[in-house]
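**Q** One structure follows; several queries about it will come next.
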Amino acid sequence: MEKPAFVETLNSGVDITDIQSRSLKILESLRSRAVNQETGQKQAPSYAIGKAAELVGRTPAAIREAEKDGRLPTPDRDASGRRTRYDLTAINHMRDVFGTRPWRAPEDPPCVLAVQNFKGGVGKSTLATHLAQYLAIQGYRVCLIDCDSQASSSMMFGYVPDLDLNEEDTLYPYLRYDELESLEYALRPTHFDGLYLLPANLRLFQAEYELAARMATGEATLLNRLTQGIASIANHFDVIILDPPPALGAISLSVIRAANALLVPLPPTLVDFSSTTAFFAMLDETLAELAARDMQPELNFLRIVATRSDENKSMQREIMAMMKSLYGHHLLRAAMKDSAEIDNATARLLTVYELDAPITSRDVHNRCMSYLNSVNAEIELDIRQTWPSHQERLRKEGLI
């Protein structure tokens, strides 16, 4: 009997190396389109004076007055004589001049926020990267630590992980070598002023096996290693965001141990709801196990974030109503709704905050920005409420 053609193809062998090489070339091509062709770097967002004034917390007139009296530098002008837009570095300088930086006080603990779910495809890295950039735009000092060997967050910041990054650029050396005392070796500034990235690549996957093997011999204190690393850089940041792998392993356990706040992205579909229910069961068991070892984290807040939400689908509306009833105040009021603007930006290795013009339409872009800002503003408020120095300020602002 003659064999089908596909059997002969399979028996002839598959060149995985060639497939991987071609895939990397595609990613490299996409990356080249996402960066500035002159500098080879991603382009930082910039703002007209009205938006800059809003971000700084002053009026455009106050900015112009400060420029006239020399407190701020005289703005550059374009060929037509109009003032150029302000980048985030200039805006943060204005905040310094006007005293409107939102930093935590030195005695306040930094927020170590893990964006975690053990199911892939729930929008974990999308939430982590947009939140990190939003907080940087608001003037906070932010570090995003990519703990996932798939390195989606690193890629969104302009890196093709297995071309641009070596294992020594990631968490891997710190987790492997006890003699390293700080994570500073791997911190990289990004094109957002005040936002640093600790990137990942595929070699980080090896750390899972090595950590598990060492822990099997009784080295349970290895789960404290990431906590120690974060402590070594904590003074430099207000918020440290952790993007862990979508699986329960040694690194994910280390992330849970290190975090003092938790975000759980959850698309309102039955499959995602079911898998996230299993995640909460595993999280409960994990916290109990850590508590038995006197290693339980102290979570200041846990928030569930509805992601990839589509209110036009009746089943999603039903599940959203159920989630609101079940989770109460743990569920953010705002939802990160499904948007073609996010999809199209991601396909270009960009975030919505990096776009200098809408990809879809202005209405779709504005709606998407509204969803993103609403979600991130709620999380920002949760973060600020954990800082004693901000409590009185929040009361004066009528936010609590």
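The values are calculated or read from the model by the stated rules, or taken from the named source; none is laboratory data. Keep in mind that this is a model prediction, so the values were computed, not measured. Ideal geometry is used to build each Cβ from the backbone, glycine not excepted, and the neighbour counts take in all protein chains shown.
**Q** What single numbered condition from (1) assigned to a loop (DSSP other than H, G, I, E, B); (2) within 17 Å of the chain's Cα centre (by Cα); (3) surrounded by fewer than 20 Cβ atoms within 10 Å (Cβ to Cβ) fails to hold for residue 311?
**A** (2)
**Q** Go through the range 9-40 and count every residue that is surrounded by 12 or more Cβ atoms within 10 Å (Cβ to Cβ) and touching a residue at least 24 places away in the same chain (Cβ under 8 Å).
**A** 7
**Q** Consider residue 311 carefully, then state whether it is of a type outside the set (A, V, I, L, M) and farther than 24 Å from residue 387 by Cβ.
**A** Criteria met by residue 311.
**Q** Turning to a different aspect of this structure: Using the structure shown, decide if residue 341 is acidic (Asp, Glu), out of contact with any helix residue (DSSP H, G or I) (no Cβ under 7 Å at 6 or more places or on another chain), assigned by TED's automatic domain parsing to the domain that holds residue 262 and more than 21 Å from residue 241 (Cα to Cα). Spell out the reasoning first.
**A** Values: acidic (Asp, Glu): yes; out of contact with any helix residue (DSSP H, G or I) (no Cβ under 7 Å at 6 or more places or on another chain): no; assigned by TED's automatic domain parsing to the domain that holds residue 262: yes; more than 21 Å from residue 241 (Cα to Cα): yes.
For residue 341, the condition - acidic (Asp, Glu), out of contact with any helix residue (DSSP H, G or I) (no Cβ under 7 Å at 6 or more places or on another chain), assigned by TED's automatic domain parsing to the domain that holds residue 262 and more than 21 Å from residue 241 (Cα to Cα) - is not met.
**Q** Turning to a different aspect of this structure: List the pairs whose first member sits in the range 349-367 and is in contact (Cβ under 8 Å) with a residue 60 or more places away in the chain, whose second member is among the β-branched types (Val, Ile, Thr) and part of a helix (DSSP H, G or I), and whose Cβ atoms are under 7 Å apart, counting only residues at least 6 apart or on separate chains?
**A** 351/129; 352/342; 353/137
**Q** Quick check on the range 197-219: of everything there that is surrounded by fewer than 16 Cβ atoms within 10 Å (Cβ to Cβ) and among the small types (Gly, Ala, Ser), which residue is modelled with the highest pLDDT?
**A** 213
**Q** Oh, and also: Would you please list the contacts, defined by Cβ atoms under 7 Å and residues six or more apart or on different chains, that run from a residue in the range 100-112 that is of a type in the set (Ser, Thr, Tyr) to a residue that is surrounded by fewer than 18 Cβ atoms within 10 Å (Cβ to Cβ)?
**A** The qualifying pairs are 100/57.
**Q** If residue 347 satisfies all but one of (1) more than 20 Å from the chain's Cα centre (by Cα); (2) surrounded by fewer than 20 Cβ atoms within 10 Å (Cβ to Cβ), what's the number of the condition it fails?
**A** Looking at each condition in turn, residue 347 falls short on (1).
**Q** Does residue 298 fit the bill of being surrounded by fewer than 17 Cβ atoms within 10 Å (Cβ to Cβ) and either closer than 21 Å to residue 118 by Cβ or among the aromatic types (Phe, Trp, Tyr) (or both)? Working first, answer last.
**A** On the way: surrounded by fewer than 17 Cβ atoms within 10 Å (Cβ to Cβ): yes; either closer than 21 Å to residue 118 by Cβ or among the aromatic types (Phe, Trp, Tyr) (or both): no.
Criteria not met by residue 298.
**Q** Now for a different question. Name the residues in the range 324-369 that are among the hydroxyl-bearing types (Ser, Thr, Tyr) and more than 30 Å from residue 27 (Cα to Cα), would you?
**A** From the range 324-369, those among the hydroxyl-bearing types (Ser, Thr, Tyr) are 325, 327, 339, 346, 351, 353, 360-361; that's our starting set.
The answer is 325, 327.
**Q** Which residues, taken from the range 254-301, are closer than 18 Å to residue 225 by Cβ, part of a helix (DSSP H, G or I) and under 21 Å from the mean Cα position of the chain (by Cα)?
**A** Matches in the range 254-301: 254, 255, 256, 257, 258.
**Q** Another question, if that's okay. Any residue that is closer than 16 Å to residue 146 by Cα and in contact with a Ser or Thr (Cβ under 8 Å, 6 or more places away or on another chain) - is there at least one of those in the range 184-195? Steps first, please.
**A** Keep residues of the range 184-195 that are closer than 16 Å to residue 146 by Cα, which gives 184-190, 195.
From what's left, in contact with a Ser or Thr (Cβ under 8 Å, 6 or more places away or on another chain): 184, 186.
Within the range 184-195 (the criterion being closer than 16 Å to residue 146 by Cα and in contact with a Ser or Thr (Cβ under 8 Å, 6 or more places away or on another chain)), the answer is yes, since at least one residue qualifies.
**Q** Which residue, of 175, 222, 248, is at pLDDT below 95, within 25 Å of residue 304 (Cβ to Cβ) and hydrophobic (A, V, I, L, M, F, W, C)?
**A** 248
**Q** Out of all the residues in the range 139-157, which are surrounded by 20 or more Cβ atoms within 10 Å (Cβ to Cβ) and out of contact with any helix residue (DSSP H, G or I) (no Cβ under 6 Å at 6 or more places or on another chain)?
**A** Answer for the range 139-157, where residues must be surrounded by 20 or more Cβ atoms within 10 Å (Cβ to Cβ) and out of contact with any helix residue (DSSP H, G or I) (no Cβ under 6 Å at 6 or more places or on another chain): 140, 141, 143, 145, 148, 155, 157.
**Q** Scanning the range 355-370 for residues that are surrounded by 14 or more Cβ atoms within 10 Å (Cβ to Cβ) and either modelled with pLDDT of 95 or more or in contact with a His (Cβ under 8 Å, 6 or more places away or on another chain) (or both), which turns out nearest to residue 48 (Cα to Cα)?
**A** To start, the set of residues in the range 355-370 that are surrounded by 14 or more Cβ atoms within 10 Å (Cβ to Cβ) comprises 355, 358-360, 364-365, 367-369.
Retained after the next criterion (residues that are either modelled with pLDDT of 95 or more or in contact with a His (Cβ under 8 Å, 6 or more places away or on another chain) (or both)): 355, 358-359, 364-365, 367-369.
Details: 355: 14, 358: 16, 359: 20, 364: 21, 365: 18, 367: 20, 368: 20, 369: 17 Å.
Once the filter is applied, the top-ranked residue is 355.
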